[in-house]
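Taking it in order: structure first as C-alpha cells, then the write-up.
The values are calculated or read from the model by the stated rules, or taken from the named source; none is laboratory data. As the structure is a prediction and not an experimental result, all values here were calculated from the model. For neighbour counting, all protein chains shown are included, and Cβ atoms are generated from backbone atoms with ideal geometry for every residue, glycine included. For the accessible areas, the whole protein counts, side chains as well, though only heavy atoms, and no ligand, DNA or RNA atoms are used. Shrake-Rupley method; radii C 1.70, N 1.55, O 1.52, S 1.80 Å.
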Amino acid sequence: MTTVAIVARSMWSRAEGKFSILVLGLWVLVSLVSLVWTPQSLWATDGYQVWKAPSAQHWLGTDGTGADVLSWLMAGSHTNLLISLLAVLLAALLGLLLLTAMLASNQLLAAGTVVVVDALISLPTVLLALMLAVPLGPSIAVIVISCGIGYGLNLARIVRPQALLAAGSDYALSAKANGAGGWRIMLDHILPNVMPTMAVQLSLSAGTALLAESGLTYLGIGVPSGVPSWGHSLATSVKFIDVFPLTVLWPGLLVTMVVVALNVCGDLLRQAMDPVSNPELRKLAA
Amino acid sequence: MRFLFRRFLILVMTLLGLSLLIFVAVRILPGDLASVMAGLNAPPERVEALRSQLGLDRPLPDQYLTWMADLARGDFGRSLLTGRSVSVQVGDRAAVTFPLIGLGLLIAMVIGLPMGCLSLLASKPWVRSLVHVLAIVGGSMPALWGGLLLILLFSRGSGLLGIFPSQGFAQGGWSTPGKALWSLVLPALTLGLIIGASLMRYTRAALADMLGSGYMDMARACGMTRTHALLRVGLRLALPQLVSVLGLTFAEMITGAMVVENLFALPGLGSGLVSDLGNRDLIAVQSELFMLAAFFLLVGFLVDMIHRLADPRLKAAGEGGSGTSTRQVTA
Amino acid sequence: MSLSIKNLSVSIGGKTILDQVSLDLADGQRVGLVGPSGSGKSMITKAFLGLLPPRAQASGSICLGGKEILGASERTLADLRGAYVGTVFQNPAASLNPVLTVKKQLTLPLRLHYDLSRCEREERALAMLDKLGLDRSVANAYPSQLSGGQQQRVGIGTALITSPRLIIADEPTTALDSISQMMVIELLDRLVDQSGASLLFVTHDFSVLRRIASQAYVLDRGKVVEAGEIQRILTSPQSLEAQGLVAAARELTLAVGHGRQPLPAEERTS
C-alpha cells in the first residue's frame, strides 16, 4: 500500500477525519458542478425579487440585485478553490526556493536569506496586499501573490530546522562523501524529510488563504465585484443584516466549516504522517 | 550586543528595500500618476498643476530621494483630499486603531491563556475536547462574520440584547473616554475572540511540549503539584515562544482590525488606508504604507529582543532567528 | 526512610513497562537498581514520585515510611517530594530550570515546604554550595553558564537541601564525562553519609554502582531477575542478564583501568 493510501485511511478512521474529508470532497465536487450548472443563472436578476427570504425557488433567498444567493455561493466555491490552490502552490515554490538558499554552501547567501526572512516575516499579509493593490487594483492576483509570499516566508522558517537536521544527517553526509551534488542531496535527503511538515503547513495555509480572501474582498482589494466568491457573498450579506438576520449565517458558516476542515486536516496529517504514532507507516518503511 | 546591532542593521536595510518597493508600486500604475490622482474629468491645467506641485515632473531617482529626505525630516506629505498633513491624519486614526488592537489583544490574552491551560489540564475529558473544539472553530471564523454574529447578539438596533453601539466612533473622540471605550467594545471583542482562539491553541501546544520535559519533572520533584509546575515553570519556559506568537499575531491583527474598522465604521488606520486607496489619494497612501511597514518591522525587532531577554540560554549565544513562527491571518 | 514496593505493575497504552516488581529499602540503607536501558528502572522511581504520565496505569503497592502512596493524591505526593524524598536526575542540562539562578534553584524545595526568611534561605544555599565544593560566586549564575559536572552538583544540592530521608539518584552520572562521574559519585557518597538518608541509586553500570551501594536489584524488561549483595552478584551472577551487565562493567574497568585492580578485587565499605 502506498503512503498516501495509508495516511488517508488513518485519517478516515477518526470522526473528525471523516468530517474533514467529506467537507473538502464536497467543496471540490460543488466547484466542478458549478462550472456547468447552478440552480439559477448568476445573472438572472429580478428587480422585483430583491432581498427575498428563502423560498422553494431561492433556497437561501436573493440579494440586493435579486440574484440567487445559493447559486452565487456555489459558483464562489470554484473561485475560492482556485485561490487557495494557487496561493498554496506559490507558497510551496517560494518556500522551497528560500529553503534552498538557506542551505546554500555560500555562507553569505545562506545567512543573508535567514535574516531577511526573519525581518520580513513581521510584515502582515494585508500590507503586502495593499502594496500590490495600488498598481493592480482589486484582483485575484493580489490575494494569491500576497498570501503566497507571506505563507512562503513562513514555510521556509518553519521547515528550516528540520532541513538543517536532515542536511547534517549521516545519510546526507555519506552521500556527499560519495560525490553527490547539492541538488541530489536536496532531492534525495532533505525534501523527503521536510515533506510531512510542508504538507501540514500548506493545509493550514489553504484555510488561512480562504480567510484572507474574505477579508481582502470585503476591503475592496480582493476579488473584484461581479466575480462570484465566498468573500463576495459574505460582504454582500453584511447588507442583509437588517433585512433577514438569519440569512447572514450561511456564507460565514460555509467559510468557517471549510476552514475548520482544512485545520483539522492539517492536525490529522501531522499525526497520520508521523511514523512514531502511525504503526502502518513504520511497516511500510521497514 | 553584536546581535542587536546586526539585527537593527537588517531592519534598516529591509525598510529601505520596502520603501523602494512602495515607491515603485505607486508609480507603475497604468497611466500617469498625476492624472489618476486628479480624477477622470479633471481639466489638463489641473493635472499639470498637480504634477509640478507634487514634483512628479522630475526624474524618478530625484523623486525617491526627495521623498526619503522628507520622511527623514518627519514630513510625510499632505493629503490631497483633505489638505491635512498625513502625519496628523495618521495620528488621529492611530488613536482609534491602537486602543482597538490593544483592547483586542488584552481580551485575547485573558481568554487564550487560561483556556489554553484548561484545555490541557481539565480533569474531565469532555471539558478538554469542548474547549479544543471551540478554539478550532473560533480561529477558523472570518473576522467579518464573527463581527456580524456579535452585532446580531449584542448591538443596539439590530441585535437581540441591544447593549453596545455597532456603528461609528464616539462623537467627541477621546475627550469623552467612556463613550469612546464603549464604542470599541464590540469591535475589540470581535478581534479578541478570534485571536484568543488561536492563542489558545498555541498555549496548549507549547504547554503540551513542556508537560513531558525534565524541567517539569524537576519542579515536581522539588515539591510542586503538576498544575502548579505547569503554571509556574511550564508557562514561564513557554513564554519566549508565546511572545513570538503574540508578536506575529499582533502583526496579523491588523488585517482583522481593518475589516472590523470597516464593519463598525470606525475611523482607524485600516479603514482610512483603504478609503485613501479608493480615493486615489496616492501620496498619502505611499507614506501610510511606509509608516505601517516601519511599525511592523519594529514590532518584529522588539519581539525578537524580548524573546532573547526572556531566555538566558539565548542571551549568551549569538545566533539569530527566534524559534517559533506562526502566521495566522485573521481576515 | 524505608521504602517497600510490592508487586508493582505499570502499563502505558496496553504495553507493560513493569511486571510485578518488588523491592525493599530499609531506613538508612543504600540499594542499587541496575538494568539495561529500556528495562523500566526509571519508571519505578517515577511511579513512587507520582511522576508517571497520566495515561499510565499502575497496580500493586508502594509503602513509604509505612504509608501507602500508590494512588495518593497529587497534593499528598507533592508534599512528600522535595521534603522527604530528594531526587537527582539524569541530565541536569534538561532538568535544572534554565531561567532560575543556582541560588533560586537550590532554595526552591525550601521555599515550597518551609517558612523561612529570605536571609535564612540564602544562608543555607551558600552553605550548600560550600558542601558541594562549588565557589559561592556561582550562586547568581544560570545553569547554562556552568559545566556539566557543576550542573549535576547543583542538582545534588537541590535534592539534599531539605535533608530528605530518602534520596533517589536516577542515573546521575550517565550524562557526564568520566572525571565528573567520579566527582559526583564521591560527593553523593559523602553527603548521603553525612545525612544518614536512604539511597536508591539507579544505573546501568555496575562499576559505578559498586562504589556507592552494597545491595542491588537487577531489572530486565520490567522484571526483577536477580537481587542481593553486589559483591555476590559480581562474583557469581545467577541470571543471564546480570552476567551480561557484569561482563560489560568488567570490560569497561579493564579497558579504562584507573590504576585499579579489575573487579571484584576491591571492596566498598558503606
* Given the range B:222-316, what helices (runs of 4 or more DSSP H) lie entirely inside it while holding 3 or more residues that are more than 7 Å from chain A (Cβ to nearest Cβ), open to solvent by less than 30 Å² (accessible area, probe 1.4 Å) and farther than 22 Å from residue C:105 by Cβ? -> B:235-263, B:269-278, B:282-309
* To do: Please find, among C:225, C:208, C:218, C:138, the residue that is surrounded by fewer than 22 Cβ atoms within 10 Å (Cβ to Cβ) and over 25 Å from residue C:102 (Cα atoms).
  => C:225
* Structure fact -> Taking the range A:242-280 and keeping residues assigned to a helix (DSSP H, G or I), at pLDDT below 75 and surrounded by fewer than 19 Cβ atoms within 10 Å (Cβ to Cβ) leaves A:242, A:245, A:246, A:279, A:280
* Asked: So, in the range A:143-159, of the ones that are β-branched (Val, Ile, Thr) and open to solvent by 10 Å² or more (accessible area, probe 1.4 Å), which residue ends up nearest to the other protein chains (Cβ to nearest Cβ)?
  -> A:158
* Asked: Quick one: how many residues across the range A:1-49 are open to solvent by less than 50 Å² (accessible area, probe 1.4 Å), at pLDDT below 85 and of a type in the set (Val, Ile, Thr)?
  -> 3
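Listed here are the residues, each with its yes/no results for (1) open to solvent by 40 Å² or more (accessible area, probe 1.4 Å); (2) of a type in the set (A, V, I, L, M); (3) at positive phi; (4) free of Cβ contacts under 8 Å to residues at least 60 places away in the same chain.
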residue	(1), (2), (3), (4)
B:56	no, yes, no, yes
B:72	yes, yes, no, yes
B:100	no, yes, no, no
B:117	no, no, no, no
B:139	no, no, no, no
B:154	yes, no, no, yes
* Structure fact -> Inside the range B:10-40, the number of residues satisfying the requirement of being under 22 Å from residue B:291 (Cβ atoms) and at the interface with another protein chain (Cβ under 9 Å from one of its Cβ atoms) is 15
* Asked: Does the range B:88-105 include one or more residues that are over 22 Å from residue B:169 (Cα atoms) and in contact with a helix residue (DSSP H, G or I) (Cβ under 7 Å, 6 or more places away or on another chain)?
  -> no
* For the range B:205-228, does any single residue satisfy the condition of being touching a Cys at 6+ places or on another chain (Cβ under 7 Å) and farther than 30 Å from residue A:135 by Cα? -> yes
* Restricted to the range A:103-142, and to residues that are more than 10 Å from chain B (Cβ to nearest Cβ) and part of a helix (DSSP H, G or I), which residue is nearest to residue A:226 (Cα to Cα)? -> A:140
* Is it the case that some residue within the range B:131-148 is more than 14 Å from every other protein chain (Cβ to nearest Cβ) and part of a helix (DSSP H, G or I)? -> yes
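Any residue that is closer than 30 Å to residue C:204 by Cα and surrounded by 15 or more Cβ atoms within 10 Å (Cβ to Cβ) - is there at least one of those in the range C:112-125?
From the range C:112-125, those closer than 30 Å to residue C:204 by Cα are none; that's our starting set.
For the range C:112-125, residues closer than 30 Å to residue C:204 by Cα and surrounded by 15 or more Cβ atoms within 10 Å (Cβ to Cβ): absent.
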